[in-house]
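Report on the following structure.
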Amino acid sequence: MPPRTEQLSAFPAFFRVEGRVTAVFGNGDEAFAKVRLLLNTQARIVAYVQSPEADYHAFLIANRIETVRGDFSSDQIKGAALVFAATGDAAADRAIVDAARAERVPANAVDQPDYCDFYTPALVNRAPVAVAIGTEGAGPVLAQMIRAQIDQMLSPSLGKLAELATRFRKPVEHLVPRGVARRMFWRQFFSGPVADAVNAGHIAQAEQAADELLQSSREVEGRVWLVGAGPGAEDLLTLRAQRVMMEADVIVYDALVPQAIVDMGRRDAERLSVGKRKGCHSKSQEEINDLLVQLGREGKRVVRLKSGDPLVYGRAGEEMAALRAAGIGYEIVPGITSAFAAAADFELPLTLRGVASSLVFTTGHDLTGDVLPDWASLAVSGATIAVYMGRTVAASVAGRLMQAGLPPETTVAIIENASRRDRRLMHGILRDLPDLEHRDELGGPVMVIIGDAVAGANFEQSEPLVRREAAARDYARN
């Protein structure tokens, strides 16, 4: 099986065909389908037929399609913008495509991918807006299923809204400054009162709303969104996070945020990596604060993208304070924190009736000082402890919790890369935890969950942190 690739073998594009000849060769259903598709455009359709089937013939007459009868001739290709070979005879279709290629005219042979210079998509038409769905031959049924879903999503009035936008394009270019202000104008145009009026069929009201929007446009103020990217899986990003990423002029992201999520932002947004990972800090927190303030003062719309949730060990408090002091508007967009994703991977109840009624989020570094934190007593009373960034201090975590009175046999779950395809799950007991520090192969973020509720997890997909016999020998030796 060939390796999977994210690259397309065909480049999606739209051909200009207004007033140009598109030639369709064939007598039956295949040719009929191509002509129906072409009627969505302003192309000059020419149907080359010999003995068209009755339904097709009636359709050509009813729609006044130019029809040429007779055998195929290579002269029929000359001057065409596109050629469709749909005779139902594979050899005849290949001959038509060969003739088209000799004239450097793009051609398509039905059901013969090797003889297609382009593929015909499933089409959602909201002229002048069009959505074309291609599957590179994976199957027309799949394309039609996707088409049906998109067709339901798009308002029937979208085309009228796009036409209205076309009429306002020149006034907007004249009155609204290029860049952020202009993008904001169009975003409000397509999603506010103008769009609502068009959708209701009130075109005059829509024009008035567009005029009011145009007169009120001005330089927009900068704004920062502190966005939780979640634990790493793209489909755990919230809809709100995805929306603001599509509005951003700049995306400022941490090293733990996967590139696939960073790439989900607006294509032409500036992307700035600020590191913030152990051993590779490219910017200090103060420098990040200054950067956000600077971008906000420049009128930029900024997404500060953080792994997990911005309010859980994301240092959002410092960034919010800096933005408040500078008078820059900001908003928090919550994300799924790693503890929840890790528990989901393990099918692990973080709270369990009669066993664990409280939950503690902490970092391993909280347990390395001289004084145990106040919450350590909660662990002894049955709370579930979710430890972030705890791999390098696992021995200290285990030792201090056992010192506080937590039994050495307390179950622990360890998850690297929670929620991602390359996640790794391990399980053991508290006295096994020091072994985690020696797992140098764990390069991704690691979450450790400790407590009696962990015993209710599903361990079928996880591996033992240490083999039981080795653990017993080490325990006896100590």
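Listed values, structure above:
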| read-out | value |
| --- | --- |
| Quarter of Cα convex hull surface for region 223-336, i.e. mean projection, nm² | 6.1 nm² |
| Helix 180-191 axis, angle to the chain major axis (alpha carbon atoms, nearest 10°) | 70 degrees |
| Packing-based exposure ordering (other Cβ within 10 Å, fewest first) of Phe14, Phe72, Phe32 | Phe14, Phe72, Phe32 |
| Dipole magnitude of region 183-327, debye to nearest 20 (Cβ charges: Lys/Arg +1, Asp/Glu -1, about Cα centre) | 460 debye |
| Helix 394-403 axis, angle to the chain major axis (alpha carbon atoms, nearest 10°) | 40 degrees |
| Bridge type composition, region 339-477 - antiparallel percent by DSSP, nearest 5 | 70 percent |
| Estimated FRET transfer efficiency (Val129, Arg243; beta-carbon r; R0 22 Å; 0.05) | 0.65 |
| For region 287-382, projected area of the alpha-carbon convex hull averaged over all directions, nm² | 8.7 nm² |
| Counting all C-alpha pairs of the chain, share separated by more than 32 Å (%) | 60 percent |
| For region 339-477, the fraction of alpha-carbon pairs in successive 10 Å shells from zero, as % | 13, 47, 35, 5 |
| DSSP bridge pairs, the chain: antiparallel proportion in percent, nearest 5 | 35 percent |
| Charge dipole magnitude, Cβ of K and R +1, D and E -1 - region 110-250, Cα centre, debye nearest 20 | 520 debye |
| Placed amide H near Leu272: partners under 5 Å, 5+ positions off or other chain | Ile251, Val252, Tyr253 |
| Estimated FRET transfer efficiency when R0 is 30 angstrom, pair Asp422-Glu331 (beta carbons, to 0.05) | 0.40 |
| DSSP-loop trypsin sites (Lys or Arg not before Pro) across region 92-179, with at most 12 other Cβ within 10 angstrom | Arg104, Arg178 |
| Alpha carbon Rg of region 21-120, scaled by the compact-globule rule 2.2 N^0.38 Å | 0.95 |
| Long-range amide H partners of Thr67 with built H, under 5 Å | Ala47 |
| Cα long-axis angle, helix 203-216 against the chain (0 to 90 degrees, to the nearest 10) | 50 degrees |
| Sites Gln215 and Asp151 - FRET efficiency at Förster radius 30 Å, r taken between beta-carbons, to 0.05 | 0.25 |
| Volume in Å³ per residue [convex hull over Cα atoms, computed for region 89-191] | 160 Å³ |
| Amide proton proximity set for Tyr330, modelled H, under 5 Å, gap of 5+ | Val224 |
| Region 158-216, dipole about Cα centre (Lys/Arg Cβ +1, Asp/Glu Cβ -1), debye to the nearest 20 | 320 debye |
| Share, in percent, of DSSP beta bridges within region 84-148 that are antiparallel, nearest 5 | 75 percent |
| Intensity falloff of region 158-216 expressed as log10 I(q)/I(0), Debye formula with alpha-carbon point scatterers, at q = 0.12, 0.13 Å⁻¹ | -0.23, -0.28 |
| Segments 59-71, 417-429 sorted - mean Cβ within 10 Å per residue, highest first | 417-429, 59-71 |
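Every read-out reported here was derived from the displayed coordinates using simple, explicitly stated rules and does not represent laboratory data. Fair warning: this is a prediction, and the values are worked out from it, not measured in the lab. Methodologically, a virtual Cβ is constructed for each residue, glycine included, from the backbone with ideal geometry; neighbour enumeration extends over all protein chains shown.
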